[in-house]
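Okay, so here's the structure we're looking at.
The values are calculated or read from the model by the stated rules, or taken from the named source; none is laboratory data. Note that the structure is predicted; figures quoted are calculated from it, not measured. Cβ placement follows ideal geometry from the backbone for every residue including glycine, while neighbour counts extend to all protein chains displayed. Side chains included, ligands, DNA and RNA excluded: accessible areas come from the protein's heavy atoms. Shrake-Rupley method; radii C 1.70, N 1.55, O 1.52, S 1.80 Å.
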Amino acid sequence: MSIRLTLLAAAPGPALRMARFDDDQSLDERGLEAARAVAPALPPAARYFTAPSLRCRQTAETLGLSAVVEPALRDVDMGTWRGRYLGDLATEDPGGLGAWTNDSAAIPHGGESVSELCDRVGAWLDALPQNTGRVLAVTEPAVIRAAILHALATPPTAFWRIDVPPLSCARFTAHAGRWNLRLG
């Protein structure tokens, strides 16, 4: 048996619209409405997971999913940058921001590097039992980027070259220990 995994990016919240490193705010009505609109298009699954953030849990709840919180699907730890605006960091810490976006091992904020995120997500993917079947998980865009890199055996340096819009899906299949990205 193979695994068919769909990773769904959480609904957009105010922090995303304001280009702020999230401080895990609740979704607003605009985000909830967007989530309700995609519900009919979601593939069926035998198991549902959600990242621990309030945004992901509310997205899953709005979609009517009975999802289990999975800590490995949490967003990248932004350390001291959590709650900060991207524009402010570009002005106040351009060297740190540049290092973080150009060096996957950099941790100028004291949280988690892109490489560490990719390792964590890859370990979760590889630990899923082969008889898992169909899975849908609501998670963060950064986690979806990391999963794509893992499936394609691509280095973390390509992390920033993948755009993951809110409520978009990435689909994967796994068979005999090998992950594939599934388009369409």
- Query: Got at least one residue in segment 131-147 being acidic (D, E) and surrounded by fewer than 19 Cβ atoms within 10 Å (Cβ to Cβ)?
  - Reply: no
- With the checklist (1) over 24 Å from L117 (Cβ atoms); (2) at pLDDT 95 or above; (3) of a type in the set (A, V, I, L, M, F, W, C) in hand, flag the one item L65 doesn't pass. (1)
- Of all residues in segment 20-35 being touching a residue at least 40 places away in the same chain (Cβ under 8 Å) and more than 12 Å from R57 (Cα to Cα), the one that is surrounded by the fewest Cβ atoms within 10 Å (Cβ to Cβ): D23
- Query: Which of the residues belonging to segment 94-114 are touching a helix residue (DSSP H, G or I) at 6+ places or on another chain (Cβ under 6 Å) and either open to solvent by less than 30 Å² (accessible area, probe 1.4 Å) or of a type in the set (F, W, Y) (or both)?
  - Reply: L97, S104, A106, H109, G111, V114
- Message: I need every pair where a residue in segment 163-181 that is loosely packed, with under 13 Cβ neighbours inside 10 Å has its Cβ under 6 Å from the Cβ of a residue that is outside any strand (DSSP E or B), sequence separation at least 6 or different chains.
- Response: H175/S2
- Query: Does segment 74-85 include one or more residues that are of a type in the set (F, W, Y) and within 28 Å of L32 (Cα to Cα)?
  - Reply: yes
- Message: With within 16 Å of the chain's Cα centre (by Cα) and free of Cβ contacts under 8 Å to residues at least 40 places away in the same chain as the only criterion, which of D75, D103, D119 stands out?
- Response: D119
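Hey, can you tell me all the residues within segment 137-162 that are touching a strand residue (DSSP E or B) at 6+ places or on another chain (Cβ under 8 Å) and either in contact (Cβ under 8 Å) with a residue 40 or more places away in the chain or acidic (D, E) (or both)?
Filtering segment 137-162 down to residues touching a strand residue (DSSP E or B) at 6+ places or on another chain (Cβ under 8 Å) leaves 137-141, 143-144, 147-148, 150-152.
Within segment 137-162, A137, V138, T139, E140, P141, V143, I144, A147 meet the criteria.
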- Item | Count of segment 19-42 residues which are assigned to a helix (DSSP H, G or I) and over 16 Å from the mean Cα position of the chain (by Cα) | 12
- Task: Scan segment 32-63 for residues that are closer than 22 Å to I3 by Cα and either polar (S, T, N, Q) or touching a Phe, Trp or Tyr at 6+ places or on another chain (Cβ under 8 Å) (or both) and jot them down.
- Result: T50, A60
- Counting just the residues of segment 72-93 that are exposed (fewer than 15 other Cβ atoms within 10 Å of the Cβ) and in contact with a helix residue (DSSP H, G or I) (Cβ under 9 Å, 6 or more places away or on another chain), which one comes out farthest from A146 (Cα to Cα)? A90
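Yes/no matrix, rows are residues, columns are (1) crowded, with 19+ Cβ neighbours inside 10 Å; (2) touching a residue at least 60 places away in the same chain (Cβ under 8 Å):
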residue	(1), (2)
S2	no, yes
A41	no, no
Q58	yes, no
S66	no, no
